[in-house]
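Any read-out appearing in this document is the output of simple, stated calculations on the displayed coordinates, not a laboratory observation. Source: prediction; values computed, not measured. Cβ placement follows ideal geometry from the backbone for every residue including glycine, while neighbour counts extend to all protein chains displayed.
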Amino acid sequence: MIDFLFSQYDGYSTLHIFLEITGVIFGLMSVWYAKKDNILVFPTGIISTTIFIYLLWEWKLLGDFTINIYYSIMSVYGWYHWSRKKEGETEFPIAHISKNEKAWAVGIFVLTTIVVVMIYTFFDKFTSWTAYVDTFTTGLFFVGMWLMAKRKIEHWILWIVGDIISVPLYFYKGYTFTSLQYFIFTIIAFYGYIEWKKILNNSLQKS
């Protein structure tokens with residue numbers, strides 16, 4: 001079983017294995033803080049995405065590399081957005097996505113997909129079925145991260161779908177630790193949605 005799960009790492013450097021594990025740990029911390037609606041989701045997430053930016057460039061996984069650059073940028077925006085106060089209260093609490101934001105979400109998904117296709121075509125990366133799946137999950141995660149930064153509960157649904165797809169995808173690519181990370185992400189995202197739903201319902205009852 002151990003060989004089946006981790007034999008892919010035989011040719012990896014110790015540094016890359018250490019960085020991947022570290023990135024996974026901070027990634028899990030970030031999702032856990034997101035579940036708790038805690039602003040620490042962003043600093044822990046930035047550490048994780050910064051590590052994976054380096055690793056994914058080394059692994060030549062351009063779609064995932066692009067995702068993590070975007071994650072880092074949106075984490076800075078989300079950090080600022082979540083920290084804003086108005087008369088001592090959180091200015092942007094958990095909420096449902098609006099009709100206007102739904103239109104923006106579709107636009108972000110389509111634009112992201114087009115950009116990734118252009119990048120993959122330019123670098124001649126459409127040589128495996130995984131590239132097409134990467135294109136789809138990149139679009140999902142771009143929209144999901146945007147919605148999370150805006151504190152919209154629907155972002156959990158996109159995370160769940162993207163995480164489920166990513167578990168076998170990363171294992172197939174040979175990155176077992178990252179695959180396990182997405183498996184745990186899926187579980188946390190499921191409970192995160194439930195927890196945010198309770199918080200949102202409570203706030204609506206009080207208003």
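Computed quantities for the displayed model
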read-out: Check on residue 32, surrounded by 15 or more Cβ atoms within 10 Å (Cβ to Cβ) and out of contact with any Pro (no Cβ under 6 Å at 6 or more places or on another chain); value: yes
read-out: Residue ID - farthest from residue 38 (Cα to Cα), chosen from residues in the stretch 149-188 that are touching a residue at least 60 places away in the same chain (Cβ under 8 Å) and of a type in the set (S, T, N, Q); value: 176
read-out: In the stretch 49-81, the residues that are of a type in the set (Phe, Trp, Tyr) and within 24 Å of residue 182 (Cβ to Cβ); value: 52, 54, 57, 59, 65, 70, 71, 77, 79
read-out: Among the residues listed as 39, 97, the single one being touching a strand residue (DSSP E or B) at 6+ places or on another chain (Cβ under 8 Å), in contact (Cβ under 8 Å) with a residue 40 or more places away in the chain and assigned to a loop (DSSP other than H, G, I, E, B); value: 97
read-out: Candidates 123, 92, 42, filtered to the one that is in contact with a Lys or Arg (Cβ under 6 Å, 6 or more places away or on another chain) and not charged (D, E, K, R); value: 92
read-out: Filter pass, residue 200 being in contact with a His (Cβ under 9 Å, 6 or more places away or on another chain), touching a residue at least 12 places away in the same chain (Cβ under 8 Å) and surrounded by fewer than 20 Cβ atoms within 10 Å (Cβ to Cβ); value: yes
read-out: Yes/no for residue 53 being without any contact (Cβ under 8 Å) to a residue 24 or more places away in the chain and either crowded, with 17+ Cβ neighbours inside 10 Å or of a type in the set (A, V, I, L, M) (or both); value: yes
read-out: Residues located in the stretch 105-131, provided they are surrounded by 18 or more Cβ atoms within 10 Å (Cβ to Cβ) and among the aromatic types (Phe, Trp, Tyr); value: 109, 120
read-out: Residue match in the stretch 131-139 (condition: touching a residue at least 40 places away in the same chain (Cβ under 8 Å) and charged (D, E, K, R)); value: yes
read-out: Single match in 177, 136, 122, 126 (criterion: of a type in the set (Phe, Trp, Tyr) and under 28 Å from residue 81 (Cα atoms)); value: 136
read-out: Condition broken by residue 192, with the remaining ones in (1) in contact (Cβ under 8 Å) with a residue 24 or more places away in the chain; (2) farther than 25 Å from residue 40 by Cβ satisfied; value: (2)
